[in-house]
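Report on one structure; see the data block that follows.
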Amino acid sequence: MSMGEAHRRITEYLNRFSDAISSQDGATFKSLFALSSNSPFLLSLGDALNLFQDPNRLIKQSDNYSQFADILVPLFRSLLNYRQNNLLEAYNAFEKTANAFIQEFRNWESAWALEALYVIVYDIRVLAEKADKELASNGKSPEKLKGAGSVLMKFFGTLAGKGSKRVGALYVTCQLFKIYFKLGTVHLCRSVIRSIETARIFDFEEFPKRDKVTYMYYTGRLEVFNENFPAADYKLSYALKHCNPQSEANIRMILKHLIPVKLSIGILPKNSLLEKYNLLEYSKIVQALRRGDLRLLRCALQDHEDRFLRSGVYLVLEKLELQVYQRLVKKIYIIQKQKDPGRAHQVKLEVIVKALKWLEIDMDVDEVECIVAILIYKNLMKGYFAHKSKVVVLSKQDPFPKLNGKPVNS
Amino acid sequence: MEGGYGNRGSSFSQSRRGRGRGRGQRFPSNQSKVSSFAERGTPSSSSANRASASVISNTQEDDAQPSSNFVGTCPYMCPERERIQREKLRDLAIFERLHGNPGKSSPALAVKKFCRTISTKYVQASDMRPITVLEDTLNYLLSLLESKEHLFEVVHDFVFDRTRSIRQDITMQNIVNKKAIYMYEGMVKFHVVSHYKLWCSMSDPNTASLHHLNMEQLTKTLASLFNLYEANQNSNHVHENEAEFHSLYVLLHLGSYSQPMGEPLSLWFQRVSTPVLKSKEMCFARRILRSFRLGNYKDFFCTAAAQASYLQFCIMMPYINEVRVLALSCINFGGYKLHPYPLLDLSKLLFIKESDLESFCNHCGLETGTDESGNKLLPTKQTTFSHPKGGFQRYSFLGLQEYER
């Protein structure tokens, strides 16, 4: 590239920049910030900046550009460093651009530059992650993603008020969620959620669909952590229903968390669904619930322990054990009924001990009594147990109440 | 001042069933190697460096600004400048007074106080204690806990503050080596044992607030310890006590939906390394957690009695009565009305003395009775059951009495 060519490219960029602002051309404007998109236009600009020693001189040349110097000077520096793979420097400069941008954005009356804002919000997170990787590999503390979180909170504050810009608040929220989940600081989600959900002036449904889906996915996962299953069910089901049916990867991600929730409220998926979305790690668990097979449940949890722990659903799945016990006693009850309908509602604790022994689960009669007591207490079973005669007497009416979409009593 | 760590048979070095709890209390013999571990700037030390920063970011409680090449020179537990000033101000803790004189101390008695707002800008090397002095200081402080002379609350108050100042010195000098790990382990132990001891005297409202403050430092120190483990991590090696300290974190979550660390346990599990997850100590803690969450009181008590280490016991003890209450409510709710439950059987199930169980039941609003041969019984289906408010008196946990005192 010649010096003249470099000069030409930089000037072209600056012209596009000022033209986009003066004509409020959001589409062009947004393309000027998308560093991580690696667009040929920006890459070649990066090369030009590398060659051209003093691009700031060009910015200062015209009032059209120089009034946006606070955005442009660090943006050029960021682009140059990004091109040279200095990711920390690229991030630091981009953060300055972002801060200057939000200043300007605040002054623009309409939301014409919202698309550009989205690009910046996305890129600041992505660049921060890259910068953190670079920091960590140099033995330094990775802290840029945390920093990006603070910058985005500023963005959120600008958008969250009333007016036409509010429609962008949910996108920023979703990027914040991604940061907080990655950093393990999900308690920080709370204040953002409150601001989204309590706002009377803005109906949630007016946000863009894509953002609503992402938002419901993350808040649904938070509800899974809290074991608030009805809320988790609502949110994740919303995400599933509105998710683009073409994007199977996203559907799979939603199902990964929705299935444990559904299981917890007694709703079992068809095997074809698990097959279609390659979620076969759940098929043995579903089978265990159908069969009352405690061994199968424990094996499935063990086989996929790592996967379930990493996706954060392990503890929820572990709790399904109570439903498996319920199913097991119910099966014993059904078999007894076939043999002797008159006395079927009396189940000896020893029989349950024996059934568990077949499954190679070693439990004495005291522990079985304890399990039975819990099942009754949590209304998974109706009846009473007699400690002296070691028997559980089932209610003649509806001895094994179905959950029917409600969580187990706590 | 080898004191605290070496003292076997103390609550800090109690080991059980040959599980080697005591081993971690002595610094390993290759101490000299350890001190060069965190040398900066060499490529091999990068992992130590990395976490040094993250350790610091997690100890912001102490408001310390890290400075990578700051090394203290103070040879005493307390900088001379501070000691003289505090003598003048008569600001000496009981343990620091020479012959009980409130205005006179000595280098062997005074220990640097925790000071909230410190920045390296104004700190002189002579105010900062190097690692060897910090180790001695910690050993000295922990040895005070053996003293029978003073109320535990009094000793706790002193050690609580002075260990905080030790952490501040460690942070400000950016020490992230194995010695720092051993010291943090010692300090976490202090807070864990205190957690139990303070809980024992919770009826006093002052102690209740101490208990709360102690919990705060316990969680912070534990989080910093985890960062130190991470910093000194190499491939699949697990530090000697790493698994047990991780198990304590799990056990802290036994309360219903309690999140003492402000983060859901599920999210934390995502980050724990596989060797730690699979360790014996973690398997124990996870089993306890499972039983607790399922309500399987039988398994909960049996597992606890058979396997808990002393530190695990200290964390679990406050939850034991919670599980007993659950057991009582299950049995009262689902038991056959015509067969009252024998207290003897129940006491074995709940690892509680029969006489204690009677008072425990009464405390939950349940009446107890006696049959014709004098056996005590709990009639079921009583409608008066209530969750006791304001906690219980202490009831022994029969499986682990040797831990209680």
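Note on region A:3-207: the C-alpha convex hull projects to 11.6 nm² when averaged across all orientations.
The charge dipole of the protein assembly as shown, taken about its Cα centre with unit charges on the Cβ of Lys, Arg, Asp and Glu (plus for the first two, minus for the last two), comes to roughly 1620 debye. Once the Cβ-Cβ distance of A:Arg106 and A:Gln84 is raised to the sixth power relative to R0 = 45 Å, the FRET efficiency obtained is 0.90. Computed over neighbours whose Cβ is under 14 Å from that of A:Tyr277, the net charge equals +2, Lys and Arg +1, Asp and Glu -1. Taking the charge dipole of the protein assembly as shown about its Cα centre, with +1 at Lys and Arg Cβ atoms and -1 at Asp and Glu Cβ atoms, the residue from A:Thr97, A:Val372, B:His246 reaching farthest to the positive side is A:Val372.
Over region A:321-394, what is the relative contact order in percent, taking alpha-carbon pairs closer than 8 angstrom and at least six residues apart?
Worked out over region A:321-394, it gives 31 percent.
At 15 Å minimum axial length over the Cα atoms and a Kyte-Doolittle cut of 0.0, report the qualifying DSSP H helices in chain A, or say none. Length and hydropathy pass: A:40-51, A:69-83, A:114-137, A:144-159, A:169-183, A:248-264, A:365-377.
For B:Met215, B:Met128, which order do you get if you count the other beta carbons within 10 Å of each Cβ and list the fewest first?
B:Met215, B:Met128
In whole angstrom, how far apart do the alpha carbon centroids of region B:190-245 and region A:205-264 sit? Region B:190-245 and region A:205-264 have Cα centres separated by 36 Å.
For the pair B:Arg90 and B:His212 in one chain, pulling the backbone fully straight at 0.36 nm per residue adds 41.1 nm over the alpha carbon distance. Backbone amide hydrogens, once placed in the peptide plane, bring B:Gly335 within less than 5 Å of A:Phe385, B:Lys381, excluding anything fewer than 5 places away on its chain.
Radius of gyration over Kirkwood radius for region A:23-120, both on Cα atoms: the Rg/Rh ratio is 0.95. Charge tally for A:Ser2 (other residues, Cβ to Cβ under 15 Å; Lys, Arg +1; Asp, Glu -1): -1.
Stretch B:Ser396-B:Ser147 to full length: gain in nm at 0.36 nm per residue minus the Cα-Cα span?
Full-extension gain reported as 87.2 nm.
With the biggest extent put first, the Cα atoms of region A:194-288 measure 47, 29, 16 Å across the principal axes.
Net charge dipole, region B:318-403: roughly 240 debye, given to the nearest 20, about the Cα centre with Cβ charges of +1 for Lys and Arg and -1 for Asp and Glu.
Out of the trypsin sites (Lys or Arg not before Pro) in region B:69-132, which ones are loop residues according to DSSP with at most 11 other C-beta atoms within 10 Å? Sparse-neighbourhood loop trypsin sites (Lys or Arg not before Pro): B:Arg90, B:Arg116.
Under a no-solvent Debye model with one identical scatterer per Cα of region B:318-403, what's log10 I(q)/I(0) at q = 0.10 Å⁻¹? Once normalised to I(0) and log-transformed, intensities are -0.22.
Take each residue of peptide A:359-368, count the partner chain Cβ atoms within 10 Å of its Cβ, and average: the result is 2. Distances between placed amide hydrogens fall under 5 Å for B:Phe114 paired with B:Ser165, all partners being 5 or more residues away or on another chain. Our coupling estimate for region B:187-203, obtained by passing each phi through the Karplus curve with A = 6.51, B = -1.76, C = 1.60 and θ = phi - 60°, is 6, 4, 4, 4, 5, 5, 5, 4, 3, 6, 5, 5, 4, 4, 10, 5, 4 Hz, Gly and Pro reported as x.
Near B:Glu96, once Lys and Arg are set to +1 and Asp and Glu to -1 for all other residues with Cβ below 12 Å from its Cβ, the sum equals +4.
Look at the dipole of the protein assembly as shown built from charges on Cβ: of A:Asn50, A:Leu297, B:Leu400, the Cα furthest out on the positive end belongs to A:Leu297. A simple charge model with +1 on the Cβ of Lys and Arg, -1 on the Cβ of Asp and Glu and nothing else charged puts the dipole of region A:116-244 at about 260 debye relative to its Cα centre. A Förster distance of 35 Å, applied to the separation of the beta-carbon atoms of A:Asp364 and A:Arg190, puts the FRET efficiency at 0.20. Considering only DSSP states other than H, G, I, E and B, which trypsin sites (Lys or Arg not before Pro) in region A:117-207 qualify as loop sites with at most 13 other Cβ atoms within 10 Å? For trypsin sites (Lys or Arg not before Pro) across region A:117-207 that sit outside H, G, I, E and B with at most 13 neighbouring Cβ atoms in 10 Å, the list reads A:Lys162, A:Arg200. Residues whose amide H comes within less than 5 Å of that of B:Met128, counting only those at least five positions distant or on another chain, are B:Thr73, B:Cys74 (H built at 1.01 Å from N in the peptide plane). With both labels modelled 7 Å from their Cα along Cα-to-Cβ, the A:Gln338 to B:Leu344 distance reads 4.2 nm. Considering only A:Ser110, A:Tyr82, A:Gln67, the residue lying farthest towards the positive end of the dipole of region A:66-133 is A:Tyr82, judged by Cα position with unit charges set on Cβ. Gyration tensor analysis over the Cα atoms of the protein assembly as shown returns equivalent ellipsoid semi-axes of 53, 42, 22 Å (largest first, whole Å).
Laboratory data are not the source of any read-out in this text; all were calculated from the coordinates shown. Here the structure is a predicted model, which is why all the values come from computation and not from measurement. Neighbour counts run over all protein chains shown; Cβ positions are idealised from the backbone, glycine included.
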